[in-house]
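Down below is the structure, laid out as structure tokens.
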């Protein structure tokens with residue numbers, strides 16, 4: 001259960017940084033702010049993907065046999 005909560009929290013951080021980049025783009029604020037937020041979003045997305053792959057390889061989470 002803790003693993004699922006961690007993944008959901010990381011995905012929430014990804015969405016939060018995406019909206020921060022959007023508002024930074026709309027404000028025409030300081031140069032490079034949007035890139036910083038998009039870079040953070042990319043970092044957290046890669047972290048979520050790596051965490052899911054690691055958990056699948058170690059057997060902590062098990063995928064369903066059939067997708068339907």
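No value in this document is a laboratory result; all are computed from the given coordinates. Keep in mind the model is a prediction, meaning the values are calculated, not measured. Cβ: placed from backbone, ideal geometry, glycine included. Neighbour counts: every protein chain shown.
Numbers at a glance
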read-out: For 26, 2, 38, order by how many other beta-carbon atoms lie within 10 Å, fewest first; value: 2, 26, 38
read-out: The chain shape via C-alpha gyration tensor axes, a/c threshold 1.5; value: prolate
read-out: Nearest-ten-degree value, helix 2-27 long axis tilted from longest Cα axis of the chain; value: 20 degrees
read-out: FRET efficiency estimate (nearest 0.05) - Cβ-Cβ, residue 64 to residue 15, R0 22 angstrom; value: 0.30
read-out: Virtual spin-label span in nm between residue 36 and residue 8, 7 Å along Cα→Cβ; value: 3.1 nm
read-out: FRET efficiency, residue 50 to residue 23 (Cβ-Cβ, R0 22 Å, nearest 0.05); value: 0.20
read-out: Using alpha-carbon coordinates, inclination of helix 33-58 to the longest axis of the chain, degrees; value: 0 degrees
